[in-house]
Each structure stands twice: as structure tokens, then as C-alpha cells.
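Below you'll find the structure I mean.
The values are calculated or read from the model by the stated rules, or taken from the named source; none is laboratory data. Just so we're clear, the structure is a prediction, and the values are computed from it rather than from any experiment. All Cβ positions, even for glycine, are placed from backbone atoms using ideal geometry, and neighbour counts span all protein chains on display.
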Amino acid sequence: MVSSLGIIRDALTLMLGSHRDITVVGRAECGESAIELTKQLRPDVVVSCYGVVDPGDIQHLTNMTADTNRVRVVMLVSSADDLRGQHALLVSGVYALLDTSATGTDLISSICSVTTMGDSMVTFMPQTMINQLGIADHDSVLSPRQQEVLLQVAKGLSNRQISSRLGLTEGTVKRHLANIYAKLQVRSRTEAIRKALTDNLIHTHEIASTGE
């Protein structure tokens, strides 16, 4: 269970823990702690609120175990959340997307479904949201955080400098870069910058900017 809000973690833990087929084995307040707990506890499912776990970290979570026992990530989203970020979730490996209007029963049903439906995806959200996600600007398959990291790379910063500027660990920066390389199908920082500029994922005026 991953949420930056203690009251949400407590409420969801209480609700899910009351179901006979679900055991809450760990709780985290950010993506990094979620990854560490997942390494230790090897849960079947990770439930997270949107914005707490970066799409790049979701890929790390879902690829952490063998294909026969992959971690399933269930994400709670809102119609007020960034559509581009939600589109990034779709390509990052999320197994279920639930709008915050979904009920507790819907969440429990999603958790049970993602463990038995193979690679199928579960959604509980209004049709208007589904339509918006379908037409959302997807000029980039990179998450907002990955674009931030790539922009800092384009500015010539080292991994250590990027971690300091964005408030991340160096390990997290390296994971983001690995995911960026895979998504852009490149092998180096130089190739990633060239590809990003060509595809308009970042722009020269952003690179030249000295603003924080």
C-alpha cells in the first residue's frame, strides 16, 4: 500500500485487511520506499495513489520478479490528474487503473482480478476519462519525471548533480536513465538527447534556461 497521506494508508489498510483473501504486508509513503519494501516482501500486488510512484519506478516494480510471478501495480487516479502522466502509466506496466470515484468493492475486485487475468488490464473509470486517455497527447512515452531527468542530462549535469537538483538518489536517477534509454531505443546520453530533441520531447530553450 503506497500513499503519501497517512490517513489514506490507514483507511485502505483497514478496508483491504478486512477481506479474507487479502493480506496487507507493507505500507510505504513514496516510490523509493515502495521499491525497497517490494524487494523485501515480494507482494503479489502493489496499490498506489497517482503521483506517489513514478512510471519509471512502476516498470522497476513490475520487472522485479520472474515473469511467472510479476508484481501487479494497481493505481488510483483522478479526473483532475495530469492526463499525460496517466498515459505514461498505461505504457509503464500498470495492471489496473481506478478512478477515485470507484468503490471499495471495485478496488478489491481489481486486486483479485489482476492476480488471475494474466497480462490483461483492469479499469474502473468513467467513459469520458477513458476517451480522454485515448486521445491524450502522447508525443512522449516518457513520464514527467523522466523528462525532467532527461532535461538535466541535456544540460550536461552528472547523475550526482541531477540527484541533488531533483531531490532523488543516484540509484533512482540511474533507473530513470535506464528506462529512458529503453523507451527511446538508444544506448547513450548523447543519443538520448539527440532523439529527444528530434522528437520534441525537450527543447533547446529549455536546455538554455538556467531557471530551477
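So, in segment 5-23, how many residues would count as being without any contact (Cβ under 8 Å) to a residue 60 or more places away in the chain and surrounded by fewer than 13 Cβ atoms within 10 Å (Cβ to Cβ)?
Counting residues in segment 5-23 that are without any contact (Cβ under 8 Å) to a residue 60 or more places away in the chain and surrounded by fewer than 13 Cβ atoms within 10 Å (Cβ to Cβ) gives 8.
If we scan segment 183-205, do we find a residue that is in a helix (DSSP H, G or I), over 17 Å from E32 (Cα atoms), modelled with pLDDT of 85 or more and small (G, A, S)?
Looking through segment 183-205, at least one residue is in a helix (DSSP H, G or I), over 17 Å from E32 (Cα atoms), modelled with pLDDT of 85 or more and small (G, A, S).
Which condition number in (1) modelled with pLDDT of 85 or more; (2) crowded, with 19+ Cβ neighbours inside 10 Å is the one that S140 fails?
(1)
Could you figure out which of (1) charged (D, E, K, R); (2) surrounded by 19 or more Cβ atoms within 10 Å (Cβ to Cβ); (3) farther than 21 Å from V52 by Cβ isn't true of R145?
(3)
In segment 32-46, what count of residues is obtained for those that are part of a helix (DSSP H, G or I) and either crowded, with 17+ Cβ neighbours inside 10 Å or under 14 Å from the mean Cα position of the chain (by Cα) (or both)?
Looking only at that region, the number is 6.
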